[in-house]
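Asks: Dropping the structure in here first, questions after.
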Amino acid sequence: MEEDLFQLKQLPVVKFRRTGESSRSDEDGISGEHEVQIEGVRTELEPVELGDGAAVPKEFANPTDDTFMVEDAVEAIGFGKFQWKLSVITGLAWANAMEMMILSILAPQLHCEWRLPSWQVALLTSVVFVGMMSSSTLWGNISDQYGRRTGLKISVLWTLYYGILSGFAPIYSWILVLRGLVGFGIGGVPQSVTLYAEFLPMKARAKCILLIEVFWALGTVFEVLLAVVVMPTLGWRWLLILSALPLLLFAGLCFWLPESARYDVLSGNQEKALATLKRIATENGAPMPLGKLVISRQEDRGKMRDLFTPHFRWTTLLLWFIWFSNAFSYYGLVLLTTELFQAGDVCSISSRRQEVKAKCSLTCEYLTEEDYTDLLWTTLSEFPGVLVTLWIIDRIGRKKTMALSFLVFSFCSLLLFLCVGRNVLTVLLFIARAFISGGFQAAYVYTPEVYPTATRALGLGTCSGMARVGALITPFIAQVMLESSVYLTLVVYSGCCLLAALASCFLPIETKGRGLQESSHKEWGQEMVGRGSHSPG
């Protein structure tokens with residue numbers, strides 16, 4: 001069959017005109033027109049008009065040449081009502097940021113109510129990241145083996161169940177275990193980006209994934225506002241239960257969520273993939289491409305060795321370090337912000353540390369209204385990061401966007417060496433957090449684009465796992481090392497981001513303006529630059 005298609009492609013293309021004349025293809029038209037008079041054929045052809053939405057008659061289609069891939073169908077259908085619905089549903093899963101933001105609210109409350117020492121309070125945060133780190137690769141493997149929707153639904157329902165259950169924890173050991181299980185479920189929520197990206201046309205992909213990140217910021221803001229209302233009256237248990245509401249809403253809407261057509265084609269389920277594409281075309285009011293859906297070569301899915309093939313070895317290693325640096329710096333800045341605000345500036349931290357050492361480690365301080373206000377303003381700084389990244393990512397590319405974000409964060413970290421006032425300190429911290437969150441968002445755009453369908457979920461899962469390693473380590477830098485030397489702490493974060501900026505520049509593949517790769521057996525970009533232009537070979 002492939003040999004027949006190859007021979008057909010070598011034949012000159014003949015275009016039949018209304019007058020009965022013909023000419024070769026446009027490429028041959030450069031050397032002159034070749035007119036062909038066909039005897040026995042009526043020279044006057046009647047035009048055929050089709051009604052709105054009517055299908056092209058089969059006699060006008062070439063069954064041996066009219067084929068299309070999922071990428072072609074997604075591009076032809078475009079962005080419409082289906083993608084808007086998917087954006088909202090995916091965003092509800094991404095609003096699990098509430099489960100992360102609650103850590104900064106729950107820790108001081110339990111410290112006072114259960115008289116916990118500081119190391120046990122810190123362990124409540126660490127155990128969530130341990131759960132996320134241990135499960136990220138597993139959820140990626142499940143999504144590649146059994147489907148993106150399957151992996152996402154199980155992880156969200158898992159997080160919902162143990163999130164509500166943790167509100168009934170009677171003692172410290174119970175809540176420690178339950179929050180660890182919540183972290184285990186959160187490790188699979190980033191797979192929503194994989195599912196979402198595979199339904200987006202190329203031009204809208206970066207903008208839409210970045211806008212999904214807005215749900216993360218909205219989740220953190222909603223958590224702070226919810227805490228202001230719930231904590232003084234109902235307490236932390238009701239806060240844990242009510243914080244699971246977005247995931248409960250997502251679980252109720254899961255029946256509408258389709259499986260990725262790219263995954264179905266890769267797993268050999270052509271009919272299901274075609275039905276999904278027709279459903280999207282119907283909802284968007286767009287026509288389906290003519291011809292037959294091409295089935296990609298079936299491959300082993302979710303294999304770790306595929307991340308280290310010659311085409312992806314350096315990409316995987318560099319991305320792991322980039323994701324590590326993103327989480328290491330982002331959560332480190334969150335921890336440093338509280339310390340710097342309480343001290344006033346970097347130069348005041350040393351004197352403040354001497355006063356703190358004289359206090360008992362069990363000194364109880366509940367969060368005040370001013371503390372909640374500071375948390376809210378700090379969280380709002382992520383919205384400018386989304387806007388800046390949204391503006392530059394399609395102009396300068398994914399790699400340069402990540403490199404720029406790391407460089408700005410590193411520069412702001414070095415400026416913190418100066419004994420500036422609180423206002424300037426606030427500006428520097430907000431700029432640093434805006435850009436490091438923007439770098440995180442750019443990584444979420446780049447990673448699903450660079451890996452083929454067979455390993456896309458696993459690649460994102462392993463990167464997310466490396467990010468959790470950085471989140472685990474950063475408390476020892478932002479809190480423990482800070483007690484010894486604040487300047488050394490800032491140098492560590494600044495140096496890490498400088499190396500991450502270099503790693504971003506050395507990534508071998510730029511995905512700007514490219515489609516998603518279907519098969520790992522082709523050179524990267526072979527089927528993605530555009531199916532309208534074919535090389536002579």
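Asks: Any residue at all in segment 126-145 that is open to solvent by less than 40 Å² (accessible area, probe 1.4 Å) and over 30 Å from residue 263 (Cβ atoms)?
Replies: Yes.
Asks: Quick check on this structure: which one of 252, 167, 180 is open to solvent by 40 Å² or more (accessible area, probe 1.4 Å) and of a type in the set (Gly, Ala, Ser)?
Replies: After applying the criteria, what remains is 252.
Asks: Could you list, ordered by first residue, the pairs with Cβ atoms under 9 Å in which the first is in segment 205-233 and open to solvent by less than 10 Å² (accessible area, probe 1.4 Å) and the second is among the basic types (Lys, Arg) and not in a helix (DSSP H, G or I), at least 6 apart or interchain?
Replies: 206/512
Asks: State whether the residues of segment 148-159 include one that is in contact with a helix residue (DSSP H, G or I) (Cβ under 8 Å, 6 or more places away or on another chain) and farther than 15 Å from residue 247 by Cα.
Replies: Scanning segment 148-159, I find at least one residue that is in contact with a helix residue (DSSP H, G or I) (Cβ under 8 Å, 6 or more places away or on another chain) and farther than 15 Å from residue 247 by Cα, so the answer is yes.
Asks: Still on this model: Could you identify the single residue in 79, 68 that is over 30 Å from residue 336 (Cβ atoms), surrounded by fewer than 21 Cβ atoms within 10 Å (Cβ to Cβ) and modelled with pLDDT of 85 or more?
Replies: Unique residue meeting the criteria: 79.
Asks: Quick one: which residue in 390, 375, 404 is more than 15 Å from residue 333 (Cα to Cα), at pLDDT below 90 and hydrophobic (A, V, I, L, M, F, W, C)?
Replies: Going through 390, 375, 404 in turn, just one is more than 15 Å from residue 333 (Cα to Cα), at pLDDT below 90 and hydrophobic (A, V, I, L, M, F, W, C): 390.
Residues checked against (1) touching a Gly at 6+ places or on another chain (Cβ under 8 Å); (2) assigned to a helix (DSSP H, G or I); (3) in contact (Cβ under 8 Å) with a residue 40 or more places away in the chain:
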position	(1), (2), (3)
102	no, yes, yes
110	no, yes, yes
122	no, yes, yes
130	yes, yes, yes
135	yes, yes, yes
141	yes, yes, yes
144	yes, yes, yes
154	yes, yes, no
158	yes, yes, no
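Asks: Sticking with this one: Is there any pair linking a residue in segment 270-286 that is surrounded by 13 or more Cβ atoms within 10 Å (Cβ to Cβ) to one that is part of a helix (DSSP H, G or I) and of a type in the set (S, T, N, Q), with Cβ under 8 Å and at least six apart or on different chains, and which?
Replies: 284/83
Asks: Given the conditions (1) in a helix (DSSP H, G or I); (2) under 30 Å from residue 376 (Cα atoms), report the number of the one that residue 116 does not fulfil.
Replies: Result: residue 116 passes all but (1).
Asks: Check whether at least one residue in segment 485-496 is open to solvent by 60 Å² or more (accessible area, probe 1.4 Å), in a helix (DSSP H, G or I), free of Cβ contacts under 8 Å to residues at least 60 places away in the same chain and not aromatic (Phe, Trp, Tyr), and report yes or no.
Replies: Yes, segment 485-496 contains at least one residue that is open to solvent by 60 Å² or more (accessible area, probe 1.4 Å), in a helix (DSSP H, G or I), free of Cβ contacts under 8 Å to residues at least 60 places away in the same chain and not aromatic (Phe, Trp, Tyr).
Asks: Right, next: For the list (1) under 27 Å from residue 484 (Cβ atoms); (2) surrounded by fewer than 13 Cβ atoms within 10 Å (Cβ to Cβ); (3) at pLDDT 70 or above, I need the number of the one condition that residue 305 fails.
Replies: Exception for residue 305: condition (1).
Asks: Still on this structure, please answer the following. Checking residue 229 against (1) on the phi < 0 side of the Ramachandran plot; (2) in contact with a helix residue (DSSP H, G or I) (Cβ under 8 Å, 6 or more places away or on another chain), only one condition comes out false. Which one?
Replies: (2)
Asks: Output the number of residues of segment 484-516 satisfying the condition of being closer than 30 Å to residue 204 by Cβ and not polar (S, T, N, Q).
Replies: Total satisfying the criteria: 15.
The values are calculated or read from the model by the stated rules, or taken from the named source; none is laboratory data. What you see is a predicted model; the values in this text were computed from it and never measured. Neighbour counts are summed over all protein chains in view; Cβ atoms, including those assigned to glycine, are modelled from backbone coordinates with ideal geometry. These area figures cover heavy atoms from the full protein model, side chains too; ligands, DNA and RNA do not enter into them. Shrake-Rupley method; radii C 1.70, N 1.55, O 1.52, S 1.80 Å.
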